[in-house]
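Please treat every number below as a calculation from the coordinates, not as lab data. Only a predicted model underlies this, so the values are computations on that prediction, with no experimental measurement involved. Virtual Cβ from ideal backbone geometry, glycine too; neighbours counted across all protein chains shown.
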Amino acid sequence: MATAKKTAASKPAAKKPAAKKPAAKKAAPAKKAAPAKKVAAKPVAKKAAPAKKAAPAKKVVAKKAAKPKTARKPNAAFMKPLTPSAVLAAVVGANPLPRTEVTKKVWEYIKKNKLQDEANKRNINADDKLKAVFGGKKQVSMFEMTKLISGHLK
């Protein structure tokens, strides 16, 4: 900077002596700008501190989720043995079964006979036995299938 002042001062000195004063003023604000950058860096550090405060809040949430350590109990309604109708008994058997077991056996039958639609896996193509369970429909969605099966359980 010293060389810059000399060159700037030597040239305008021949033309105007007042040019030296603005050059000195320009150097002074540059010195003030450096501390301003340091001050700007401190608020950034303060902004990072609240982010650290947010992390303990997540830990508290995780602790709340971890509190219920009791074993999960199955719903009694699903585990109650139900008697399938004669039409459904042709697929799953005549013995009383819980709803969950009936659904598993129907899916075993579907996969064994390759009745799941190839283009859309959510659809089930009914054969003669399942067509009677599905109320005469040739194709049903897997969600509609559970609704139709529940009508055949008592």
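Counting only helices (runs of 4 or more DSSP H) that sit completely within the range 85-133, those holding 1 or more residues that are surrounded by 13 or more Cβ atoms within 10 Å (Cβ to Cβ), more than 31 Å from the chain's Cα centre (by Cα) and acidic (D, E) correspond to 99-112. Against the conditions (1) touching a residue at least 60 places away in the same chain (Cβ under 8 Å); (2) touching a Ser or Thr at 6+ places or on another chain (Cβ under 9 Å), T146 satisfies every one except (1).
Looking across the range 66-84, just one residue is farther than 22 Å from A132 by Cβ and over 36 Å from the mean Cα position of the chain (by Cα), and that is P81. Checking each residue in the range 66-111 for being touching a helix residue (DSSP H, G or I) at 6+ places or on another chain (Cβ under 6 Å) and more than 16 Å from T146 (Cα to Cα) picks out only A90.
For the range 107-142, the set of residues classified as among the small types (G, A, S) and farther than 22 Å from L153 by Cα consists of A119 only.
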